[in-house]
Structures are given as C-alpha cells and as structure tokens.
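The structure appears below as structure tokens.
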Amino acid sequence: MESATNQQSQTPLLATEGTKPLADVAPGATAFYRVAVAWFNRMTIEQRVLTGFSLVFVGILIISAISYRNMSTLLTNSGLDGRSHDLLQLLGTIDVTMNEAEDTHRRYLVTGETSYLEAYQKLVKQKPAFTVYLNDLTRGSPEQQQRVGVLDRMMDRQLNAESKAIGLFQQEGFRSVKKMALEGAGRRELGVIHQLIAEMDAHERQAVSQRVLESAAGTRNSIVLLGIGAVLQLVLLASVYYLIRHDITERRHVAEELQHRGELLEAANKELEAFSYSVSHDLRAPLRHIDGYAALLRKSVEQSLNEKAARYLQTISDAAKQMGQLIDDLLVFSRMGRQEMLATTVNLDQLVKSILADLRLDLQGRRISWTIAALPDVQGDPAMLRQVFMNLIANAVKFTSTRPTATIEIGAEHSTSSEIVLFVRDNGVGFDMQYASKLFGVFQRLHRADEFEGTGIGLANVRRIVHRHGGRTWAEGVPDRGATFYVALPTRRTES
Amino acid sequence: MNMAKPILLAEDNPRDAELALAAMEEERISDKVILCHDGAEVLDYLYCRGRFKSRLKGNPAVVFLDLKMPKVNGLEVLRTIKADSNLRPIPVVMLTSSREERDLAESYALGANAYVVKPVEFHKFLSAVKELGTFWGLINEPPPESSRSTH
C-alpha cells in the first residue's frame, strides 16, 4: 500500500515539470492544456517518467543552444568593438594629418620654405594606405562605406588643389597663389572632410554603444538561462535519485513480503504436518479398539451368537477397518503433496516390471493378456512415479476382474518434443465419459463399494503427483468396453 | 531360558493394554507382563524406585514401548535406556500407532531393536502382539545379567 502512494506522489513532480510551460503559453491554451492532462492521465508510470525526463532534457538542450548563441554574439561584438576602436583612431589620424597638410602647405606658399612641404608629401604617400584601411574597417556597414567613398574623393580633391597651388607657386611665384596661401587651397574640401569624419565618428560610437547594450542584455539573458538550466539539472538529478531510492525501497518491501509469506507458508506446513501426525496417531487407536473389542465380544459369547448378531459384529469390524484404510490413504495423499521431490531419470520399463512383480499375488487365478510396449525414460521422482503406475495398473487389474480374459495394454503415444504421453488401457468395466471430470477427485468413486473395493484416493494421488511433475492426466472410457488412462509428463523437469 | 524374566509393557491407553494382554493370554504369557501406564513408571521399574522399589532385581526380557505417553514419552524412555550402560542391552520394541517416517527414523537412530505399527484390524494386532511376545519373551535369548551395580 505504501509503495502505491509513493508512486503517485512522484508523478506530479514530473507532471508539473512537463505541463506547466504549456499552461503558461497563453490563456487560450487551456484547451490544449486539458488535452495534455488527459493524455498524461492515460500514460503508464514508465511513460510518465520518460515524458518528464524528455521534457527536462529538451529544456536543457534549448537553454544550452540559446546560451551558445549569446556567447558567440558576445565574441563577435567584442571583435567588432576592436574594429570600431581602430576606425575611430584612424579617423582621428586622418583628420589631424589632413589639417596639418593644409596648414603646412599654406606656410610653404607664404615662405617658400621646402621643409614645410614634408607633411604634405608624407600625406600623399600615406593616402592609399588610409583608403585601404578605411575600406577594410568599415566593411559590413554600407552607410559608412558610402561615407568612405565621399571622404576618399574629398581627400583626393584637397590634395589635388594643394598640388596645383604648389605647382603654380613654383612656376609663377607668391603673387599668383597669394589668395590661396591666405585662404588655403583645399579649405572647402577640408571642411567637408571634417564634417564627414565627425559623422563617421558619431555613427561608429553609436554602433559601439548599441553593441554594449546588446551584449549586456545577452549576458543577463545567458545568466538567467544558465540559472534555469542549473535548476532543471538539479530537478533531473533529484528525480533520478528519488526514482532509484524508490526502486530500492520497493525491492526491499517485496523481499520482506516474500520472506514473510515464506514464513507463513512454512508455519502452515508445520501445522499441517502436526495435524496429520496427530490424525495418524490418535484416530487409529479408537478404530483398533472398536475392532478389538468386537473380536473379544465375539469370542466371549461365541456359543450363544446367532447369525444376525454375528453379522452385526462383522459389520462393526468391517466399518472400523474401512475407516482405518481411509485414514491411511488420506495421509498418503497429504504426504504426496508435501514430500520433497527427487529429480532423476526414471527407467519406466524397469519400473513397470517391478510393479508387475509386486502385484503377482493379486494376479493369482487371473487370466490377463499383457501388451507392454518399450517405454521411454522420463524425468521425475522414481518413488512417486512408481505410485502413479502402481495405481493405474492396479486399477486396470481391479476393473477387469469381471472379464474371463482381461486385456491390459501399457504404452506411449503422441509424444512431442516437450511432452511424453503414456497410457494404461484395459477392457474392463469402463466408465461413462460424463463422469470423466470426477475420476481424479479425492474419494470419488464411480462404482459401488460392493462392486469394487477401494477408497477412491488412487487416481487423486496420480493426478497430484503428475501435476507436481508439471504434467497432465486424463481418461477416456466407454461403459462396459474398457478405459484408457493417460499421463503426460514434460520432457524437461518443472518444479512445482 | 528366560522364563523368569518379565516382559515390560508401557501403554497409557487402558483399552490397548487390555487388548494386548488378551492377546498375550492366548499365548499364556500374560502373567509375565508388567504393565506401566506411562514413561515415568517404566523408568521407575528399570531403576527400582517408586512402586517398584522392592521388586526383584534384574532387567526385563524386553520392553514394549508406546511412543505417545504422558509424563515421559516413548522416545525419551528409549533415549534414557540406550544412554545407560546397564540398561542398553535390554531389547526395546517400539509398539505404536504412528507410521510417520520421522518417528521411525528417530527410534532407530536412538537404538530401538524393532519398530512395530499397531495394526487397526484386531486379528492382525493379535497376531502381532502374540508373535512379539513369543519371540522376545520366549524365543529370543536376552543379554546375560551383567555385574549390575545396585541402585
């Protein structure tokens, strides 16, 4: 009983695990929830456990996948942040360099001092590298690439304008470039460049801060999910622990129960043994006294005993003897059920031969035609199987006593690989098939006591012994034409 | 000859005792029978105490022992007899209603000289008791009376 409540208390644990998320999906999902509950109720314990575990596993898998994605986003973002940082630095450098080139080239135009041209010449050399870096660092962002295109053109135009001014100054002198020297040849372009760089800078910084937000959200998300995952794993572990413990407890209960029943059975057997012992000892004594005193009475009044009185005394003795026989038979029957069974190979040919030798006193004055086929070896208890064939053969001899020539046949037929079928057939008084089911019952007789003697225990013993061997018994008969008794024994021994 | 030696019959049931004595009477040996009603009386006789304090010394020719008896049962008496070096030679015949295997086995294990199941049918009982009485009381030569220590 305890184990049953245990089983029920464990399933809701897994059940809520499995069905709760379904219920939380949406208020409209109650119908689905109800279907799921109905489905769950139809499942066996094993299916429920399996479903619970599967759901927890799927949960852990999903959490792992999401966490993995978050992590890789974080990694990508940190890579992008590095690029943004480089880009910002590069933009700063370009800004400064362009500024410097414009400044120094103006000074050159004014002073004619060639050392002022260094910055400009350096920029001309660096410019292609700047373009390559810019394109590289803005790859993946069309907006920034577009700006890079414009920036590139503007830088070219500024440098062009400056180179034109320098050329003019060298050919025609200061006067021709006076205006440019004061205002700056690429001043307009420089302004556009400043503005572009500022835009790009702002754009990149915004992208960076957005990524920072995204990464923070992703991290928070991952932490929460990992927490849930840890809880799920704990639940899984706890369930496994619970199931294993439950299983062990269950097994212990079953073992205890088995032991208890074994003890009860042993006690019942002991009691039965004591009972039959006392029957065997105490019931016989009064019977002996009845018979004994009847005999003593007969002896002491022998002279005056008339025929009727003699018959009465005889009946008293006969009744006592009959009851003694019944008690003996019942004790044998009871012992047959309790006795330990041996397991050996029994040679039926020899067994039947020895039975016929034992019966030879009963066979005196009888004409019997025996047909005994070669019999197979069988597995079983020799003494018990001897009792079986003794009873069957003695029955055949008994119930053919009215025949001038009795025919008794012993053989084997219809044997299969799993079963050996043996039979004893006679041409005796037979029986009506409608009583066939009663034949093997305890104290069941189909003939009157004055027709054939016997207590009616022989076939009951046959059936009990054959059943203990794992076999079957049945009989076929026709009134006044004879009977055949069958015994089927398994080829492989089965304990009962 | 052992004509002088008595036959000790231990039988608690008076009817069984009467029937046994009736059987012995037919063989004219009933006067040799000393009847004990329980195991304690058997031991009293063997050790010359109680109501047998003043009996003639000497062991009986045979002891017929019932298994189930009040006070001291047959197996206990048997055990005592076979454990005493002076009593051990006395032939002991178990005369009982029990056909149980464990009674048989235990009796022989303790050293019983014979085991007879009382037949239900009187004429069989009669002949069994007659034969037993004749054999153990008349035919069988009992062990010689050794230099028995007096009690």
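The values are calculated or read from the model by the stated rules, or taken from the named source; none is laboratory data. Predicted, not measured: the structure shown is a model, and the values here were computed from it. Don't worry about glycine lacking a Cβ; one is built from the backbone with ideal geometry, like all the others, and counts go over all protein chains shown.
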I need the full set of residues from segment A:104-122 which are surrounded by 15 or more Cβ atoms within 10 Å (Cβ to Cβ) and either touching a Ser or Thr at 6+ places or on another chain (Cβ under 8 Å) or of a type in the set (D, E) (or both), in order please. A:Y108, A:Y116, A:L117, A:A119, A:Y120
Taking segment A:75-84 only, how many residues are without any contact (Cβ under 8 Å) to a residue 60 or more places away in the chain, more than 15 Å from A:V148 (Cβ to Cβ) and surrounded by 12 or more Cβ atoms within 10 Å (Cβ to Cβ)? 1
Among the residues in segment A:82-99, are any within 25 Å of A:S176 (Cα to Cα), modelled with pLDDT of 85 or more and not basic (K, R)? yes
Every listed condition ((1) of a type in the set (D, E); (2) within 60 Å of the chain's Cα centre (by Cα); (3) surrounded by 13 or more Cβ atoms within 10 Å (Cβ to Cβ)) holds for A:D291 save (2)
Hey, could you check segment B:1-51 for residues that are among the β-branched types (V, I, T) and outside any helix (DSSP H, G or I) and say which is nearest to the chain's Cα centre (by Cα)? B:I7
Could you tell me whether any residue of segment B:119-130 is away from chain A (no Cβ under 11 Å), touching a helix residue (DSSP H, G or I) at 6+ places or on another chain (Cβ under 8 Å) and crowded, with 20+ Cβ neighbours inside 10 Å? no
Subset of segment A:327-378 [of a type in the set (G, A, S), out of contact with any strand residue (DSSP E or B) (no Cβ under 6 Å at 6 or more places or on another chain) and either in a helix (DSSP H, G or I) or without any contact (Cβ under 8 Å) to a residue 40 or more places away in the chain (or both)]: A:S334, A:G337, A:S354, A:A357, A:G365, A:A374
Give me the residue from segment B:61-83 that is surrounded by fewer than 24 Cβ atoms within 10 Å (Cβ to Cβ) and not hydrophobic (A, V, I, L, M, F, W, C) and, out of that set, nearest to the other protein chains (Cβ to nearest Cβ). B:K68
Among the residues of segment A:315-344, which ones are of a type in the set (S, T, N, Q) and within 12 Å of chain B (Cβ to nearest Cβ)? A:S317, A:Q322, A:Q325, A:S334, A:Q339
Candidate set: segment B:97-117, residues that are crowded, with 22+ Cβ neighbours inside 10 Å and within 30 Å of A:L313 (Cβ to Cβ); chosen: the one modelled with the highest pLDDT: B:S97
Yes or no: A:S280 touching a residue at least 40 places away in the same chain (Cβ under 8 Å), out of contact with any Phe, Trp or Tyr (no Cβ under 8 Å at 6 or more places or on another chain), within 11 Å of chain B (Cβ to nearest Cβ) and of a type in the set (S, T, N, Q)? yes
Does segment B:98-110 hold any residues that are touching a residue at least 24 places away in the same chain (Cβ under 8 Å) and either among the small types (G, A, S) or within 12 Å of chain A (Cβ to nearest Cβ) (or both), and which are they? B:S98, B:D103, B:S107
Could you check, for segment A:172-189, whether at least one of its residues is surrounded by 20 or more Cβ atoms within 10 Å (Cβ to Cβ) and either at pLDDT 85 or above or of a type in the set (D, E, K, R) (or both)? yes
Going by the structure shown, is A:D318 in a helix (DSSP H, G or I), surrounded by fewer than 17 Cβ atoms within 10 Å (Cβ to Cβ) and under 54 Å from the mean Cα position of the chain (by Cα)? no
Which condition from (1) in a helix (DSSP H, G or I); (2) closer than 30 Å to A:N77 by Cα is the one that A:G140 breaks? (1)
Of all residues in segment A:294-308 being loosely packed, with under 10 Cβ neighbours inside 10 Å and not acidic (D, E), which is nearest to the other protein chains (Cβ to nearest Cβ)? A:Q303
